[in-house]
Structure formats: C-alpha cells, structure tokens
C-alpha cells in the first residue's frame, strides 16, 4: 500500500511567527490509516538498520517512537528535558536559533552495543538530534539511523547530521 502523507499535514502560514509555515502533524495522527502507514514505514526503516532500541526527543518524537518500538518489539528510550527523569541521567546541551536547550537520558537506558534509530517528527536545523546522538554514543550505543516524518530541506539539518543515515517520509522547502 502506498499513501501520500502530504495530504495529512496541515500547513499553517505565519505560525508561530510571521514568515514561518508550521507543519501540523495532528491531522495525520487523527487518521488511523495514515498514522499506521507512517509508523509502519518508519519501523520498516529501523528494522532494515537492525535497531535494538528506538530513542526519541521530547515531546513529539514520543508520538512516533513509542508505536514504532512496539511494532518492532524493541525498547523505547525517551530523551527528556532536564528534571523529568527521576534516576541518574547524563545530559547534553545544545544551541538553538534563539538560545540553548538541554536533553537527558537515563544513564542506564542504552547499553554498549545497542543499535539505535533516533526518531522525531521533524528535521529542521539538526541540533536536537545531534545532541541526542551524542548522549547515545556516550553511553556506548551506535546510532545506525535517523528517522523523521518531515524534513525541512531549506534549513539544512541533513548537513549537521551528515555522518548518519537519514530517512524522512516527507520533505518540504522552507520553514
């Protein structure tokens, strides 16, 4: 079965600020067939890469990563904002367009030798995923692939992540 997932993404101009086109995935999430198709395609990619764990950054990555891991029969690991994980964590800070952010993983979430696919809803500048990859690698995991529902090609996140295999189901020019 093939499906054009573009039909399930709403483009909202000038949100959250003028000049930005927000790609709203909620219509896709609300449609059982489209959501199921997207999860299956992403899980198939992760299976091809031999993933033993799926890692996703907070919070929209959780919407894709959890059902992917369930479909594949592998573990899911959330990359969270500081203070959200109650056990021992490791952290990685990174820069954003207007400031900085930090992500954390439980220190025992990834074991040496784990093959990890990182998944998120959107690839833009690549900073969040680069930080997530560093956390995984510090714990001894191998990032074998990066999976996205949407890639905004104009923002060149793929360049930041050029050392990794990337799969995006949809691409858009511009923000």
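Just so it is clear, none of the values below were taken in a lab; they were calculated from the coordinates. Model, not experiment: these values are computed from the prediction. FYI the Cβ positions are ideal-geometry reconstructions off the backbone, even for glycines, and counts take in every protein chain you see.
Structure notes:
- Filter pass, residue 126 being on the phi > 0 side of the Ramachandran plot and under 17 Å from the mean Cα position of the chain (by Cα): yes
- Matching residues, the range 101-115, being closer than 16 Å to residue 142 by Cα, touching a strand residue (DSSP E or B) at 6+ places or on another chain (Cβ under 8 Å) and either without any contact (Cβ under 8 Å) to a residue 60 or more places away in the chain or assigned to a loop (DSSP other than H, G, I, E, B) (or both): 105, 107, 109, 110, 113, 114
- Within the range 56-76, considering residues that are farther than 15 Å from residue 37 by Cα and surrounded by fewer than 18 Cβ atoms within 10 Å (Cβ to Cβ), the one farthest from the chain's Cα centre (by Cα): 73
Yes/no matrix, rows are residues, columns are (1) farther than 23 Å from residue 47 by Cα; (2) under 16 Å from the mean Cα position of the chain (by Cα):
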{"site": "109", "(1), (2)": "no, no"}
{"site": "120", "(1), (2)": "no, yes"}
{"site": "133", "(1), (2)": "no, yes"}
{"site": "141", "(1), (2)": "no, no"}
{"site": "145", "(1), (2)": "no, yes"}
{"site": "150", "(1), (2)": "no, yes"}
{"site": "153", "(1), (2)": "yes, yes"}
{"site": "158", "(1), (2)": "no, yes"}
{"site": "164", "(1), (2)": "no, yes"}
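- Cβ pairs under 8 Å, 6+ apart, first in the range 1-29 and touching a residue at least 24 places away in the same chain (Cβ under 8 Å), second exposed (fewer than 15 other Cβ atoms within 10 Å of the Cβ) and assigned to a loop (DSSP other than H, G, I, E, B): 19/175; 20/14; 20/175; 21/14; 21/15; 21/174; 21/175
- Comparison of 75, 65, 61, 36 shows that the only residue that is without any contact (Cβ under 8 Å) to a residue 24 or more places away in the chain, in contact with a helix residue (DSSP H, G or I) (Cβ under 9 Å, 6 or more places away or on another chain) and closer than 22 Å to residue 165 by Cα is 75.
- Flag for residue 50 being within 24 Å of residue 140 (Cα to Cα), touching a residue at least 24 places away in the same chain (Cβ under 8 Å) and touching a strand residue (DSSP E or B) at 6+ places or on another chain (Cβ under 8 Å): yes
- The residues in the range 1-18 that are over 20 Å from residue 98 (Cα atoms) and either in a helix (DSSP H, G or I) or out of contact with any helix residue (DSSP H, G or I) (no Cβ under 9 Å at 6 or more places or on another chain) (or both) can be counted, and the count is 8.
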